[in-house]
Amino acid sequence: MSRPSIEAVAAQVGRGGGVARREAEAAIRCHEASDLGAYIAFDAEALRRQADEVDAAAARGEDPGPLAGITVSVKDLYALDGYPLRAGTKRPLPAWPEGFLVRALRELGAVITGKTHTVEFAFGAVGLNPNTGTPVNPWDPVEHRAPGGSSAGAGVSLWEGSARIALGSDTGGSIRIPASATGVVGFRPTTGRWPTTGVVPLSTTLDTVGLLTHTVEDLRYAFGLLDPLAGHARETADATPQGVAGLRIGVPASHLWTDAEAGISAVVEDTLAELRAAGATVIPIDMPELDEAGERYFDGQIVQPEFLGFLERDLPEWIPLLHPIVGKRLGAAGDVRALDYLAALHERRRLSADVHARLASERIDLLATPTLQIAPPPLTALSRLGAYRDANRLMLSGTCPASMLDLCAISLPAGLDGEGMPVGLQLMGPAGADLVVLAQAAAVESVLGTNLARLGTPPRLAEPSQAD
C-alpha cells in the first residue's frame, strides 16, 4: 500500500472541505488504538482545535500553508505551549518558550499531536527511560525491544499513524538511531544550520534539531520549507534528484563496517549492490578519521562536561534526581580539565577539516555505512547497568563520527535483518550540503523504494494505520 506524500495531503487540506479535521481524527483513532507508548502526552482536543483553525482558514479562501493539517509529534526535549517540559526527567522543568522549529512548523500550517518520549535529558542512544516509560519497537511481535534514542518515541509515532512528521534532536545520533531502529527516515542537518532554541541542551557543540518521516521525499519537502525560515536561501540548482547514475559513494574502511553484525552489514552491502547496478559508482576509501572521531566522542571530553555544565548552571536541583543510567555515566565529567576540553574541540576541527579535504580530493559525494552496528536489543537484556552501557555504546558508534566531523547525515531503510528488525543505510555528506545530500538520498530512495515497499508493515501493526 502506498502512503500519500505530506505535500499531497497539505494540498488537499488547502482546497477545503474539512480535510484537516479528518486527518486529525484519523491520527486520534490511530493513537487510541495503539499500545506502542510513543507519547508522554497526547492532547486530542488541542489537535482538533488546531485542525479546525486550519480548515476555517481554507474555507475563507486563505492559504493555510504548505504544511496545512500535517500532524507533527514533538520530542519531549522541546518546549511546547500547553504542555509541561519534562525532558524525560522525574519532574517537570521550568517553563521555556517555544523555539525556532516548533514556531516555524506552526507558521507553515502544521498541527501538533503531542510530546513523544525521550531518554532522560537525551543522554542515551538505546531509547530506554525508566522515569517516564520506553516506547515499544513495533518490529518485534513478542518482545519489547528498544526503539532507539534519544528520540525514543519519534519513529514509533510515525508507525502508530498519529504523526506524519516527528521532531527529534541529534547530538551523537539521536535522530538517525531511532530512524534506523524503527525503519523510517531521519536526517541530521549540518551542525548550526537550524537554531536549537526552545530545546533543552545536551551539548552546545554538537546539538542539532531535525525531522523523521516515512520517506526521503517527505523529509526533503518539509526541510525545503523550513530551511529558508532559518535564514538559508534555496539552492535548487544542485539539489534536484538526477538519479544515481554517476553518484560517487565512498565505502570507508572503518569500524562502522567491521563492528556491524554480519546480518546488518549484509543488508547494507546488498543495497549498495542495487545502487551500483543502477549506475552509482561505489568506491572503497580509506577514512581513518571516522574511527578516530568515534574514539574522541567516547572520550567524553566534549558532551559530558557541556551537559554537566548546563545542569549545574541551570538545573542543579535535577542532578540528584538523575536515574543511574544517566547519572553514573556522567561519571567524572566534572574532572575534565579546561585544557583537555579545548584540546578535544581543536582535534574535532582538525579531523573535520581532514575529512572534508579527503572528500573533495577523492570526489566523493556520499559516504555509506550501516546506521547501527547492532539490532535494537530487547529490554530484558538491559537490566544490568553494564549491559546497558555496552548496548548504548554500540548503538552510538555508527552515528557519532558524523556528528564529530560536522557531516550532515541521513538514515533510510535498507531492509530487514535475520531477526526481522529494520536495518538503516547511513549516507553522510559534507557540511553545508544538506539540500544536495537530501536530493541524492531521494535518488537513492527511488532505487531502493520507500519503507513500506522495502520493509512492509511492522508485525505489531495488524493492519496499516488509518492515516495511510
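For the reader, a short list of remarks on this structure follows.
- Qualifying positions in region 103-134 - among the acidic types (D, E) and either open to solvent by less than 20 Å² (accessible area, probe 1.4 Å) or in contact with a His (Cβ under 8 Å, 6 or more places away or on another chain) (or both): E120
- Among the residues of region 140-151, those that are open to solvent by less than 10 Å² (accessible area, probe 1.4 Å) and not hydroxyl-bearing (S, T, Y) comprise A146, P147, G148, G149.
- Scanning region 310-319 finds no residues that are in contact with a Gly (Cβ under 7 Å, 6 or more places away or on another chain) and either under 30 Å from P201 (Cβ atoms) or open to solvent by 30 Å² or more (accessible area, probe 1.4 Å) (or both).
- All positions within region 257-282 that are part of a loop (DSSP other than H, G, I, E, B) and open to solvent by 30 Å² or more (accessible area, probe 1.4 Å): D259, E261, A278, G279
- Pairs, first over 15 Å from R86 (Cα atoms) and touching a residue at least 60 places away in the same chain (Cβ under 8 Å) in region 316-327, second open to solvent by 60 Å² or more (accessible area, probe 1.4 Å) and in a helix (DSSP H, G or I), C-beta under 9 Å, six or more apart: I325/R389
- Some residue of region 345-357 being in contact (Cβ under 8 Å) with a residue 40 or more places away in the chain, surrounded by fewer than 17 Cβ atoms within 10 Å (Cβ to Cβ), under 18 Å from C400 (Cβ atoms) and out of contact with any Asp or Glu (no Cβ under 9 Å at 6 or more places or on another chain): yes
- Filtered by the rule that a residue be of a type in the set (S, T, N, Q) and either open to solvent by less than 30 Å² (accessible area, probe 1.4 Å) or closer than 28 Å to L396 by Cβ (or both), region 240-256 gives a lone residue, S254.
- Test: residue in region 428-446 that is of a type in the set (D, E, K, R) and touching a Gly at 6+ places or on another chain (Cβ under 7 Å): no
- Pair list, Cβ < 9 Å and 6+ apart or interchain, from region 429-446 residues that are within 17 Å of A233 (Cβ to Cβ) to residues that are acidic (D, E) and not in a loop (DSSP other than H, G, I, E, B): D434/D227; L435/D227
- Taking the criterion of being touching a Lys or Arg at 6+ places or on another chain (Cβ under 7 Å) and at pLDDT 95 or above, the residues of region 226-284 that qualify are R248, T281, V282, I283.
- Neighbours by Cβ (under 7 Å, 6+ apart or cross-chain): first from region 9-21, on the phi > 0 side of the Ramachandran plot; second modelled with pLDDT of 95 or more: G16/A58; G16/A59; G18/D55
- Looking only at region 46-102, and only at residues there that are assigned to a helix (DSSP H, G or I) and touching a residue at least 60 places away in the same chain (Cβ under 8 Å), the one that is most open to solvent (accessible area, probe 1.4 Å): Q50
- Residue selected from region 257-290 under the condition touching a strand residue (DSSP E or B) at 6+ places or on another chain (Cβ under 9 Å) and of a type in the set (S, T, N, Q), by the criterion farthest from L396 (Cα to Cα): T281
- In the set A368, A409, A375, only one residue is touching a residue at least 60 places away in the same chain (Cβ under 8 Å), crowded, with 20+ Cβ neighbours inside 10 Å, touching a Gly at 6+ places or on another chain (Cβ under 9 Å) and more than 18 Å from G149 (Cβ to Cβ); that residue is A368.
- One residue stands out among those in region 378-406 that are among the hydroxyl-bearing types (S, T, Y) and closer than 22 Å to R348 by Cα: the one that is surrounded by the fewest Cβ atoms within 10 Å (Cβ to Cβ), which is S397.
- Every residue from region 12-37 that is crowded, with 19+ Cβ neighbours inside 10 Å, outside any loop (DSSP other than H, G, I, E, B) and among the small types (G, A, S): G14, A20, A24, A27
- Considered as a group, the residues in region 454-468 that are in contact with a helix residue (DSSP H, G or I) (Cβ under 9 Å, 6 or more places away or on another chain) and modelled with pLDDT of 50 or more include one that is nearest to C30 (Cα to Cα), and that residue is L461.
The values are calculated or read from the model by the stated rules, or taken from the named source; none is laboratory data. No experiment lies behind these values; they were computed from the predicted model shown. No Cβ is skipped: glycine too gets one built from the backbone with ideal geometry, and neighbour counts run over all protein chains shown. Just so you know, the surface numbers come from the protein's heavy atoms only, side chains and all, with ligands and any DNA or RNA stripped out. Shrake-Rupley method; radii C 1.70, N 1.55, O 1.52, S 1.80 Å.
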